[in-house]
Structure formats: C-alpha cells, structure tokens
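One structure is given below, encoded as structure tokens.
Just so it is clear, none of the values below were taken in a lab; they were calculated from the coordinates. Here the structure is a predicted model, which means the values were calculated and not measured. Don't worry about glycine lacking a Cβ; one is built from the backbone with ideal geometry, like all the others, and counts go over all protein chains shown.
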C-alpha cells in the first residue's frame, strides 16, 4: 500500500519521451566531442 503523497515508479521516472531525448542529447554531445581532440592532434602533427 502506498503512503499518501508517495510516487509510483512511473511517476518518478518521468515520461519515456523525456528519457529518450536526454539519451539522444548525450549521444549527440559524445559524437561531437570525439572529433575535437583528434583534430587538435592532427593539427599538432601537421597532418591538416
């Protein structure tokens, strides 16, 4: 039995769409972050 004011699992975790957006944002930021150090290294070694 739930206590008054207690949240169910679905209410705590939020809508699935919101979780998916957060995941996609994290993947996008990770993908954007990977080339930057590689480009810097290529520049330092006069490859670019």
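Extension gain, residue 32 to residue 46, is 2.8 nm, computed as 0.36 nm per intervening residue step minus the present C-alpha separation.
Label point of residue 39 set 7 angstrom out along Cα-Cβ; within the stretch 18-32, amide nitrogens under 17 Å from it belong to 28-32.
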